[in-house]
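The values are calculated or read from the model by the stated rules, or taken from the named source; none is laboratory data. Nothing here was measured: the structure is a model prediction, and the numbers come from that model. Note: ideal-geometry Cβ built from the backbone for every residue, glycine included; neighbour counts use all protein chains shown.
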Amino acid sequence: MPPFVAERCTKQVRRGNKDMPALTAPEARSVTAPVDPSSPVAAPPSPVLRPTWQSRIFALHGRASGYALAIAATALALALRFALAAPLAKFPFLAFFPAVVLTALFAGLGPALLASLLSIAAAKYFFIAPTGSFTFAQGSDVIATGFFGVVLLVDCAVIHVMTTSLRRERQGRAEFAASEARFRALSAATREGVVFHDGGIICDVNDAFWRMHGFAAREQVIGRNVMDLIAPEGRRTVAEAIRQESRAPYETLGLRRDGSTFPLEIEGRAVHYQGRPMRVAVARDLTSRKAAAAALAAGEARFRALAEAIPSLLFETDAEGQVVYLNPRFAEYAGVAMDELMGEGWLAILHPDDRDRTLATWMEAVRAGGTYEIEYRFRRHDGAYRWFLGRGVPVRDKAGQVSRWVGTCTDIDGRKRTEAALRDSESRLRLAAERVDLALKAGAIVGTWTWDLPTDHFTADARFAQSFGLDPETCRSGLGIEQVVASVHPEDLPRLRQAIAEVIARGGPYACEYRVRQHDGVYRWIQANGRVDHAPDGTPLRFPGVLLDIEERHAAAEQLRENEARLRLALEAGRMGFWSWDLVTDRLEWDAREFELFGIDPASGQPSGKQVYARLHPEDLPGLKAVTDAAIAAGNGAFGHEFRVVLPAGEIRWIAAHGHALADAGGRARRMVGLHFDVTARRQAEALLAREAEQLDRLAEERGQALAVSEARLAQASRMEALGRLAGGIAHDFNNILQAVQGGITLASRRLTHEAPQIRRYLDLAASAAERGASVTGRLLTFARRVELRSEPVPPAPFLEGLAAFLGPVMGANVTLTLQVVPELPPLFADRSQLEAVLVNLANNARDAMPAGGTLVISAEAVDSPGSQDAPPGLPPGCYLRLSVIDDGEGMSAEVLERVTEPFFTTKPKGQGTGLGLSMARGFAEQSGGGLSIRSAPGRGTTVSLWLPRAPAGLAPVTEATDATRAAPASTGATILLAEDKAEVRTVIAAQLEDHGYTTREAEDAVAALALLDEGFRPDALVTDLTMPGRLDGLDLLREARLRVPRLPAVLVTGHAGDAGPGKIEEAERGGPFALLRKPVAAEALLERLGRVLQNSGVRPAPPPGTGA
């Protein structure tokens, strides 16, 4: 059952559908149980089945009785085996099969395994020789027993699977039947109609649905089109909802059998029902709801009419106390729009003194749900406040919860005035005239006193004592005036004495402000108010009075004076003008800055508002008048506005205005004050900034796109750099190993006799493998850009022609090789040998991409960057030679093309590619100062282009040296200092040198080599590794050695020269004869370079290998 149908039905039942049978608790739980979305039917809890004999037998699973059954069945099989000993003599296990099968069938897998083990043990112990033990005499018995055990285990497993499947199938059928029954019961119990339709054809409905449409039976609806039950004017809505597969409820018109229509709400969605996908909808008859809504609207209309006719102020709120309705009398009294009083807007017309009290009482009534009654003052439309009695009662719903509040506000202002007058009269009767007079003058009384002048007896209350820092008991019993004035501030005391003397002399009222020291030692401002009474003869008699605390008032006055001073300074500093506008007379009062801002001569007198408006720019006048009129209409409103004024000379000036209206007691604005200041420069700057911002936004967008591309390239470069460092390090270490291997093989070959050809053949194989390893490390170094390139001018035409002659036979008969090169092309600048290796590798890749044959084109052309659309990203501007290898083979997808230059990425079968070819080509091109670009698409072939810089003008191509020019002249041996940290490499190189007549001294690092020199050893030349442990590398050693032996010839042998610091190799070349070799180096190459540096230094080298010397 679809979950939302179950939810709707359950809600209908819970609303108390009295004429339908109620669901039991288990049924209700099954209706609202979670439903698996992949299941077409809700998955209710498993039903409780009546126990049968099968269930009782299956209940043995997992219980001890199951294992008891296994033991009993095995014992019975053993007895049967003894009884049929003769017929079963050749089949000792046969009698136990039924025991295991029955146990698996009725007791489960665990007991069946126990029966199997017991059967195997019994058969072995009683019927397989030697009997009475668990040992075997023959190997065949072991095999037979094992086979018997395997068969038993297989039987147990098969029977367990079969019984489990049967049990689950039986349980699933029962659960499905229970689910169908619950669905039918729930559908019958709800008043909401449920319909299942497939493509608009009704497949199933509940009773409520066919009754809703006026049919007599369910069968009269099945098979109809759902549109037959929808009024014509509502069918488009239903069809659109079905087409869009809408899940939201919508309203339409249903059609009964008798042709009458009724309001209908439908909510539907797609489900699986009875094993196939269809659409289910829940239909609700809205007739009763619509009728109730109409009745409610009519009652509401009657209430509104009555409320508008009542002369009192009437209100209605929601359950939270927010006003939702006021009768028109309310708005007429307040003189504001009705919507401004809604919610909590009515608080705006409440007297400020009554606001907190009224709101607290109202919120407490809302919280408690009781009646509400309070007196407060409302502001009338003319600004006058009148007293009202507010009464409110809660309206409760059927559940007893407050749904809204209604109430009235009755004008009791007359009664309140009468009560106030009565209270005032009673007060005058109760208090003496003296006390009334003092109380009227007092604001914050902090003490009272009475001074009997003839006796100088001064008494005061406790608050007076506290104010003067005196003892309360002393003040109550009486003290002299000198004790009182002792607490007065010394600066104020003379003035106080004078004021007291004057009032005693003349009599009448007295007032004086001064500071007194209180108990905490702090002086505070007070005001003393009193009166001196004289006798008829003029004798002073009494001097009573009160003290007022004016500390805050005095501090506020002081602060006001400081603020006024700061305001004057701020106006002067900000070049602001102050203005005051009398709205009644339209006269302005300006300071000097105002005249300057508006370009009006101060001699002409204070201007009027009309004169100022005449200076405004015509386009800005309506805006300024609108904001000032709004502030005036509010009574005490404020405004801020910017406008232009046109000066007499025609200059336009931008003015910023801030003003505030001042209202009288009636709430009418009588005056407006404010500030003006010149914002012309800011306006001009804003206009300029707006133009600049537009340009910056456009530039930022362009730069943002460029930055995204750069970040992607940077990330790729970082990955390549990390892989390059790894590859360079691996190649360096591997070259050291290959140096020792190659050198050792060469030395071993030289020491073999001619009678060992087989051994020599194996050594040749090992030497060939070492050379291939050296080739791999060379590729790694090229990829890592740590190979030392020897760039030279290379003419493209002869170079490519020679390469084509070499590649022709290698490509095979089914590949046509074409060369496209102009003889007049300028030479490129690159390492010839590395370039040849890269192009050969690219040609091999092209051949592999054309397994069925094709055309391979090698081209060369001169190009410029920028200027070519397919230039590699980041290629520096300049002149280049572009060498392209083009095939018409399979091509590459965009995904492969994106990764094709990554190291170790290959699309060739395992074992047919290292994944270093294109990454090596890219590394070579970029290290040479150029780049690599690749264009390819599936089925359209591939074009790989090397962009190499053009050779500088004036450099002639270098021709290969012949063996004759390379050979060094024969001579006697020289002394060589050999520095190498790898012992095996050092031993091999020393042996190679000594085999050719050189004398060597070995050192394991730079420190050891310098120690030999410091001991007085003076070699003819230095052969050293570059990378060695310690703080000194090979170039550092050479520099230090030449300080001891100036211009010492040297040969640097290294895995890669990339580890050399900037400028170190150039420094070594300037300091004397120098050569650089990359490991692994052949003995012939080492001896040839060593001979050269010795010859350049004037030392006769040893004869080269093969001369027989």
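Quick notes on this one:
- Filter result for Leu313 (in contact (Cβ under 8 Å) with a residue 60 or more places away in the chain and touching a helix residue (DSSP H, G or I) at 6+ places or on another chain (Cβ under 8 Å)): yes
- Residue satisfying condition, being assigned to a helix (DSSP H, G or I), over 60 Å from the mean Cα position of the chain (by Cα), buried (at least 20 other Cβ atoms within 10 Å of the Cβ) and polar (S, T, N, Q), within set Ser119, Ser140: Ser119
Let's see how each residue does on (1) closer than 30 Å to Ala107 by Cα; (2) modelled with pLDDT of 80 or more; (3) part of a helix (DSSP H, G or I):
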{"position": "His160", "(1), (2), (3)": "yes, no, yes"}
{"position": "Leu166", "(1), (2), (3)": "yes, no, yes"}
{"position": "Arg173", "(1), (2), (3)": "yes, no, yes"}
{"position": "Phe176", "(1), (2), (3)": "yes, no, yes"}
{"position": "Ala181", "(1), (2), (3)": "no, no, yes"}
{"position": "Arg184", "(1), (2), (3)": "no, no, yes"}
{"position": "Trp210", "(1), (2), (3)": "no, yes, yes"}
{"position": "Ala216", "(1), (2), (3)": "no, yes, no"}
{"position": "Gly223", "(1), (2), (3)": "no, yes, no"}
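- In region 62-111, residue surrounded by the most Cβ atoms within 10 Å (Cβ to Cβ) [restricted to those that are among the hydrophobic types (A, V, I, L, M, F, W, C) and not in a helix (DSSP H, G or I)]: Phe93
- Here the condition is being surrounded by 15 or more Cβ atoms within 10 Å (Cβ to Cβ) and either among the small types (Gly, Ala, Ser) or without any contact (Cβ under 8 Å) to a residue 40 or more places away in the chain (or both); of Glu240, Glu265, Glu233, Glu245, it holds for Glu265 alone.
- Residues (without any contact (Cβ under 8 Å) to a residue 24 or more places away in the chain and either of a type in the set (Asp, Glu) or over 18 Å from Ala656 (Cα atoms) (or both)) located in region 598-610: Asp601, Pro602, Ala603, Ser604, Gly605, Gln606, Pro607, Ser608
- Look at region 201-216: where a residue is on the phi < 0 side of the Ramachandran plot and a partner is among the acidic types (Asp, Glu), sitting 6+ places away or on another chain with Cβ atoms under 8 Å, you get Ala208/Glu192; Met212/Asp285.
- The number of residues in region 531-555 being outside any strand (DSSP E or B) and farther than 25 Å from Val446 by Cβ comes to 5.
- Just one residue in the set Arg575, Arg561 is part of a helix (DSSP H, G or I) and either farther than 30 Å from Val446 by Cα or modelled with pLDDT under 85 (or both); that residue is Arg561.
- Filtered by the rule that a residue be among the polar types (S, T, N, Q) and either modelled with pLDDT under 85 or within 37 Å of the chain's Cα centre (by Cα) (or both), region 879-926 gives Ser893, Thr901, Thr906, Thr907, Gln912, Thr914, Ser919.
- Subset of region 1036-1066 that is in a loop (DSSP other than H, G, I, E, B) and modelled with pLDDT under 90 - its residue that is nearest to Val1081 (Cα to Cα): Gly1055
- Test: residue in region 310-333 that is under 30 Å from Glu251 (Cα atoms), among the β-branched types (Val, Ile, Thr) and in contact with a Gly (Cβ under 9 Å, 6 or more places away or on another chain): yes
- Verdict on Gly508 being over 23 Å from Leu470 (Cα atoms), over 60 Å from the mean Cα position of the chain (by Cα) and assigned by TED's automatic domain parsing to the domain that holds Arg463: yes
- When the test is whether a residue is in the same structural domain as Arg379 (by TED's automatic domain parsing) and loosely packed, with under 14 Cβ neighbours inside 10 Å, Val324 passes it.
- Hits in region 821-839 - residues which are touching a helix residue (DSSP H, G or I) at 6+ places or on another chain (Cβ under 9 Å) and farther than 16 Å from Trp947 by Cα: Val822, Pro823, Glu824
- Residues (farther than 13 Å from Lys416 by Cβ, in a strand (DSSP E or B) and charged (D, E, K, R)) located in region 378-402: Arg379, Arg391, Arg396
- If you check Phe378, Phe330 for being under 18 Å from Val406 (Cα atoms) and outside the structural domain of Arg173 (by TED's automatic domain parsing), only one passes: Phe330.
- Residue within region 458-472 that is within 17 Å of Gly545 (Cβ to Cβ), in contact (Cβ under 8 Å) with a residue 24 or more places away in the chain, in the same structural domain as Val532 (by TED's automatic domain parsing) and loosely packed, with under 15 Cβ neighbours inside 10 Å present: no
- If you go through region 352-377 and keep only what is among the hydroxyl-bearing types (Ser, Thr, Tyr), part of a helix (DSSP H, G or I) and in contact with a Leu (Cβ under 9 Å, 6 or more places away or on another chain), you end up with just Thr358.
- Within the span defined as region 796-809, one or more residues are in contact with an Asp or Glu (Cβ under 7 Å, 6 or more places away or on another chain) and at pLDDT 75 or above.
- Test: residue in region 291-306 that is among the aliphatic types (A, V, I, L, M) and closer than 26 Å to Leu389 by Cα: yes
- Pairs where the first residue, in region 631-650, is at pLDDT 90 or above and the second is assigned to a loop (DSSP other than H, G, I, E, B) and surrounded by fewer than 13 Cβ atoms within 10 Å (Cβ to Cβ), C-beta under 8 Å, 6+ apart: Arg644/Glu619
- The condition of being at pLDDT 85 or above and not β-branched (Val, Ile, Thr) holds for Phe315.
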